Structure formats: structure tokens, C-alpha cells
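Below: one structure, written as C-alpha cells.
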Amino acid sequence: MKKKVPLQFQEEDDLPEQRIYRRIRPAGMHALKHSLPGISENEINGKKISIGIINHRLNYLTLGSTIAITKKYVDRVYVILDHKDESISELATSIGAEVIDLSDNGHIPILDNILRTEKDARMLITLHGDGTHDPNNIPQLIGPITRGEFDAVVCHSPTENNSHNNNILFLTKGELSTRKSNSNYPGFAAYSVKCLDTLKPSNNVGDITKQILTYAKNTNLRIKNLHFSKDQDLRLLDLYRTGVVVPAYNEELLIEETIKGIPEYVKRIYLIDDCSTDRTPDIIKHMTDPRVVSVRHEKNLGVGGAIITGYKLALEEDMDIVAVMAGDNQMDPEQLPRLLMPIIKGRADYTKGNRLISRNFRSGMSKWRFLGNAMLTMITKIGSGYWHITDPQNGYTAISRQALEVLNLDSIYTYYGYCNDILVKLNTFGMRVEDVVMPARYGREKSKIKYGRYIMKVAPMIFRGFLWRLKTKYMVLDFHPLVFFYLASMALVPAGVLFSMWILSQKLYQIPVSPNFPLLAVFITLMGAQLLLFAMLFDMQADKSRSGTV
């Protein structure tokens, strides 16, 4: 076992100016000189120690580059571990960062110890180590402080939004929101000596960034808020191999527009022509985008069959995340990062759009289409066991490679109900699903779904999937008595209803029946309904415990 290192930092004998010059290589000095307008190289060389603290979200894939780039702009880098992780610790140490184990020391003493040890510190930069904060933006944070214009500079990043909180905001506000300045304590910020010299860490505040910002606000120090563009998200998305499956059937009007709108960070586009009879195949042949991998079905397999073909190709090419965007340009590419980020951050294995949470978001959706979606939502909640999801027919989805490998793709329903069937199977194997609220987008395309026929075909499929889920999830892979509650309710509720109808028919024909029969019918029906509610309650609890839903 690796020997534990106490929280002690040794001072170096060099003067701060020499330490800065040694640690920031000429390339880094050049970067600073050109990133801070109005500041000379002498001023950069002459400033005292600056400290970078990388904390909270640490991702092994992105931490190395985060540390290396941060070291270009600061004198010393500290990495604070939320929990012991030897791989993270060794990586950070090998690049020259100081590692502090939070589990041994807690948030409260860490900052105080760092400030007491680094007595010459005159600037502090905090950021996360999972790629959500781009260290290349550090010059924009420290520039106003170095010039004496502000005491603290705070970056509000769109990647810090929490999806569940956004869902609530969208429901109450009825509009999309970036929550720029409403992020109370973002983790990417720079602080001057005024924020550090008289700062006394409070036992009531745990987070480092929160401690400093709380102090700065309470003492009326000058704070500048920056709102960086979505380029930060794009840099993080570039780290992952993302593929997009585009099923297309007779989409000659919109298929080219759809492909052109797919963002550059997408590595592969799996364009599946499901036996189109219009000009779609000719248009696909003349596409020049090198990311496009096209396949034509000689027999129409349905939208589900086309997506399965794309999924299989994505698995063969080792895609990390695979999204689905219909060929009718109905899915807004601007919303794609919001589907990908929960998977990248490890919150979900499968994400899907949700258009039904707000009347404004479903504008353009006909009342008949909304009614059909609402009915299918309730059926799918019961069938899949994902009680928190809405709008299951939304085909704008993203899935992780891990979840895709779990599925038996050949067993997935190939008609429009494929999305319901996938939800049933994902829940059976304990995958986490997250709704991402987004507005409906309707244009020149026309829905090919006939909802009357659709529900008649899909509802039996969901019921069969429901029975398979109960057997596989609660009897084969695990055991839970809710199976018997469900089965008993499925016998008692129909029996009670049929018995009641028989009694009513007897009364109508004036045929005498026992006076106890109506009471017995009510008892059977209520007992079945009660067992059904208990089964649903247990199913909800199992979903929350395994999917991490709060």
C-alpha cells in the first residue's frame, strides 16, 4: 500500500519570480503575454505566486491535459481528491501537481493550509478536472485581476447546469434557460490577494469556491462575471467518439439539410436508407461528408430496424456514445450536447428528449398527437418501470456504449414502438435513463404515425415486454415479491369488473342474485386495485434504488 503523505508543503528556496519563470516554460510565457492585453512580459515575470486548485469532478481521461494547461498559467497546481483514487493520484503527481486527499482532511482545513504554506500567494484559480472547465480560458479570468480592475472573476459555464433542475425551470418558466448568472457558486474562478489575505475559512461552508465567493460578496469586493460560449462543451465532446444514426425513409426534401446540420464533433454519421422509393438514395450517393457511412435496406424494416442497423455499425466502430436523429430534420442539433452531457458525466446510460412538460414546448403538436403521446406515456411508465420519464415516443435519444452492449439488438421491436421496447429492456438490466426537456420542432415534415393503429399495435407489445421484465428482472436476475402483487392484481381486477358487469346484467333482466354478490364484486375489485397500487409502489422504489433517480 502506498505510504500516506501528510498535508505539508515544503517551501522552495527560489524567489517567487524565479519559480514562476522556471515553471512556466517559454511557450506558456508566450501564451500569457498574448492572452492578457495591456500586460507586459515584465509584469508577468514580476507577479508573485499564483495557485491553481483542481477539485471536485475529476476524470482520468481529461485530468492530465487540464493539469498541463493549467501549469502554463500558474505557479503551482493542487489536485484535491474527493475520495482515494490511486490512478488519479499517480497521474496528477507524474505531471507535477500536488495531491491532497479530501477524505483525510476535509474541505475546511485544506484552503487554510494551502494559504498558510504558500505565503507569497497573490492569486488563486479554481476549476474542475473533468473537462467542463477549459483551462485555456484562465488568461481571461486572471487578466482583469492582474490589471487591478477586479478582485474576483467568475466563469459561468453552460455545462454546469443540472438537467433535473433545468426540467423544473422549464416547467415553471416555460422557456429554455441557460441560467447564466443564476449558478450560485460555479467552480471556475480566479481570486486576488484581497480575497485571500483576510479570508478565514468558516466551519459552516465546505466548498472552497463557495467560501471565497461568499467572503468576496459579503465584503463588497469587485466581482466580474464571465459567460463563456458553448465552446467549452465542444472541447469536452471532442474527447468522445460520438456517432449519430439517421434513419431515412422517403426524405428527399430534408435528408441533406439534416446531415449538414449535424455538428462537427460527431465522428460518424450512420445514414440508413430504409428502402426509400423517392430520390433519397440518389441524394445520399452525392453526399461528400466523409463522416457519412450509408447503408440501404433492400426491404423496408421500419424505423426501429433502421436504427438497429445503425447501432450495430456504431458498435463495430467502437463509438462511445450513439445518438439518433431522424432524417426529417425534426431534431435540433443545438440540443444534442444536452443529450450527451448526462452520459459523459456519468449520470445516465440513456437520454431522451421530452416535449410534453410545457405547453410552449409542444407548440405545433396537434391535440390528437398530444393525446396519443399522453396515453402512450402512461402505458410505457407501467410497462418499462421508468416512472419518471415522459414522452416515450420522442426519438431524439443518446445511448452509451455500455448500455448498447447490454441490449440484444436483434430482439428489439422494429416498428415505431422500438423506443418503448428499448426502455423496457434498459430498465430490466438496471440502466439509468434521464429525460432532457426540449421544445418540439416541426417544419415541412409530416408525421407518418397513425396514432389509432399505432396504439393498437404498440400497447400489446408493451404488455408482453412488461411481463418479460417482471420475469427477468424480479425472478431471474433478482427476486422481489411485487411479481405476485402484479399477477394477483391482473387476475382480481378483471374478475371483479366482469363479476360486476354480470350482476348488472342480471339486474337489468330482473333475474334474482344473492344480495352478497355486489359486496363480493366490490371487495374483489378493490383488493385487486390495492395490490396493483402496492406493486407499482414497489416497482417505483426499485427503479429509484437502481437508476439513481432522485
Legend entry - Long-range neighbours under 6 Å by Cβ, at least six apart or interchain, first residue surrounded by fewer than 23 Cβ atoms within 10 Å (Cβ to Cβ) and part of a strand (DSSP E or B) within the range 121-132, second of a type in the set (A, V, I, L, M, F, W, C) and modelled with pLDDT under 85: ALA121/ILE49; ARG122/VAL193
Inset, instruction - For the range 383-394, name all the residues that are over 19 Å from LEU467 (Cβ atoms) and buried (at least 19 other Cβ atoms within 10 Å of the Cβ). - result: ILE389, THR390, ASP391, GLN393, ASN394
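Conditions tested, residue by residue: (1) at pLDDT 85 or above; (2) in contact with a strand residue (DSSP E or B) (Cβ under 6 Å, 6 or more places away or on another chain); (3) within 24 Å of ASP320 (Cβ to Cβ); (4) outside the structural domain of HIS56 (by TED's automatic domain parsing).
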residue: LYS180; (1), (2), (3), (4): no, no, no, no
residue: ASN184; (1), (2), (3), (4): no, no, no, no
residue: LEU199; (1), (2), (3), (4): no, no, no, no
residue: ASN218; (1), (2), (3), (4): no, no, no, no
residue: HIS227; (1), (2), (3), (4): no, no, no, no
residue: THR258; (1), (2), (3), (4): yes, no, yes, yes
residue: ILE269; (1), (2), (3), (4): yes, yes, yes, yes
Legend entry - Number of the condition not met by TYR415 [criteria: (1) part of a helix (DSSP H, G or I); (2) under 25 Å from LYS473 (Cα atoms)]: (1)
Inset, instruction - May I ask you to list the residues in the range 496-529 that are surrounded by 15 or more Cβ atoms within 10 Å (Cβ to Cβ) and within 52 Å of the chain's Cα centre (by Cα)? - result: GLY496, PHE499, SER500, ALA521, ILE524, THR525, MET527, GLY528
Legend entry - Exclusive hit being crowded, with 17+ Cβ neighbours inside 10 Å, in contact with a strand residue (DSSP E or B) (Cβ under 7 Å, 6 or more places away or on another chain) and modelled with pLDDT under 95, set VAL437, VAL458: VAL437
Inset, instruction - Of the numbered conditions (1) surrounded by fewer than 17 Cβ atoms within 10 Å (Cβ to Cβ); (2) in contact with a Leu (Cβ under 6 Å, 6 or more places away or on another chain); (3) modelled with pLDDT of 85 or more, SER87 fails exactly one; give the number of that condition. - result: (2)
Inset, instruction - Return yes or no: is ILE51 within 18 Å of LEU141 (Cβ to Cβ), at pLDDT below 50 and surrounded by 15 or more Cβ atoms within 10 Å (Cβ to Cβ)? - result: no
Inset, instruction - Filter the range 493-512 down to residues that are hydrophobic (A, V, I, L, M, F, W, C) and not in a helix (DSSP H, G or I), then give me how many there are. - result: 1
Inset, instruction - Scan the range 318-346 residue by residue and report those that are touching a strand residue (DSSP E or B) at 6+ places or on another chain (Cβ under 6 Å) and charged (D, E, K, R). - result: ARG338
Inset, instruction - Starting from residues that are within 25 Å of the chain's Cα centre (by Cα) and part of a strand (DSSP E or B), keep the ones in the range 264-293 and report whichever is farthest from GLY243 (Cα to Cα). - result: LEU271
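The values are calculated or read from the model by the stated rules, or taken from the named source; none is laboratory data. Remember, it's a predicted structure, so these values are computed and weren't measured experimentally. We place every Cβ from the backbone using ideal geometry, glycine too, and count neighbours over all the protein chains shown.
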